[in-house]
Each structure stands twice: as C-alpha cells, then as structure tokens.
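First the structure, in the form of structure tokens, and then the observations on it.
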Amino acid sequence: MMNVCSQCGMYHADKVIDPTGPFAICPECGFKNPFRMLPLLIVTGASGAGKSTACQHLVGQVTQAVLLDSDILWRPEFNSPETNHRDYFELWLRLCKNISQSGRPVVLFGAGVGVPENIEPCIERRYFSNVHYLALVCSDSTLSERLQARPLWRGTRDAAYIDGHIRFNRWFQEYDRQPAIERIDTTNTLPEVTVAQVSSWIDEHLELPTD
C-alpha cells in the first residue's frame, strides 16, 4: 500500500523520490514517507536460454533476496502490444517495490521484464536504487535443440516460435546500450555451473544495507 499516503490517504504512484531519506513525497500534501530503496535484479533471456532452470534451482538457496518468475502473473488481459504491455510491467514493479519493504531485494526472472525499454519508463521504476539486468544467452543451434526437446504441450517446437526466440536471443547478444545488460553464455555450460554463475551475480548486485 505504499502508493496510498499515510497522512492524507490519497493514491499516487508518481510520488517524488528524495533519495537522502529515502522518502517518497506525496504530491498532494507533501508528506515524506520513509521507505526502503533497494535494487531490483532481473535475470532474463530468450525461451530456452536457461533462466527458468536457474530460478528453480536457486529458490530456497538464495535467502538474502526474494526470487520470482514473472510468468506467474501473466493473464490474457495484459496482452496489450499497443501499450507495450505497460500495465503488466507496472504491476510487477509495484509488487517488487512492496516486497522490498521487508528488507530483501527481489530477483525477477523473465523475458519481457529484461528489456530495459519495458522497465525504465515505468512510473514505479523510481522506487528502486538501481535495476540490474543479466541475460542468459546461447548459440542459435543450442537454443533450437533445447526448445525442440521440450514436452509437446509447451508448444515450443513450432518453427515460427523457435525463430522468434532465436532472434530475441540475438538481440540480447548484440545489445550494447545503457542501461547495461550483463550476459552469461550457457551454450556449453552444465546447468549447475550456470546456476552458480547466476548466484554469484546476484550476490554482487544485492546492495544490501549495512544497518
């Protein structure tokens, strides 16, 4: 309920952030609400790159952060390409912001959330000290083999589906803008090694408070 001012009761996601507190300042009454301004960590990649496997293995092992798969909140009503699925990304940022108030940052695993242009313009982005991006990538042939090896019910064997995710995988490989996206190549790496690499990346970027 951070968007509801505890003084005047008005709802605003677009509060002014004073990082010296940090405070979220109500635009209605000027009340300075202290809050925890923690980083958000995003592990992304095309389907088949290894992010879901890493998430499943790290849940319960990484206790200093909350690990979540962004697919769990997807519903058909969020499928709005005309708005770049903005409501979906705002919802996830709002959820992560509120979870962070417990004192533990969130590590969010997902594909679309790993595209900076989907996250950085969001209103709720202002509540995080940083957003760190990590993409798992692999060779075209490896990605194709992994998708074709999945159970039939997942629908990942279709040629158009595979081609789309190969292009998405290449996008992460070629990305060279800001904010930066770090990369881990999983082509010739055992799953347990990838998991260890992702775990180390999380440790490096948690920015946990010292008090």
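The values are calculated or read from the model by the stated rules, or taken from the named source; none is laboratory data. Computed from a prediction, not measured in an experiment: that's the story for all the values here. Ideal geometry is used to build each Cβ from the backbone, glycine not excepted, and the neighbour counts take in all protein chains shown.
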| query | Here is a list of conditions, (1) exposed (fewer than 12 other Cβ atoms within 10 Å of the Cβ); (2) under 21 Å from PHE109 (Cβ atoms); (3) at pLDDT below 95, and ARG167 meets all of them except one; can you say which number that is? | reply | (3)
| note | Considering the stretch 134-149, residues that are out of contact with any Gly (no Cβ under 8 Å at 6 or more places or on another chain) and of a type in the set (D, E, K, R), and then whichever is surrounded by the fewest Cβ atoms within 10 Å (Cβ to Cβ), we arrive at GLU145
| Which is within 24 Å of VAL66 (Cβ to Cβ), among the polar types (S, T, N, Q) and in the same structural domain as THR83 (by TED's automatic domain parsing), of THR156, THR194? | THR194
| request: Scan the stretch 80-99 and report the pairs whose first residue is closer than 23 Å to ALA24 by Cα and whose second residue is surrounded by 15 or more Cβ atoms within 10 Å (Cβ to Cβ) and among the polar types (S, T, N, Q), with Cβ atoms within less than 7 Å and a gap of 6+ or a chain change. | output: PHE89/ASN118; TRP92/SER70
| How many of the residues in the stretch 183-211 are surrounded by 12 or more Cβ atoms within 10 Å (Cβ to Cβ), of a type outside the set (Lys, Arg) and within 14 Å of ALA49 (Cβ to Cβ)? | 10
| task | Those residues that are in the same structural domain as ASP163 (by TED's automatic domain parsing) and β-branched (Val, Ile, Thr), I need them from the stretch 15-70; list them, please. | result | ILE42, VAL43, THR44, THR53, VAL59, VAL62, THR63, VAL66
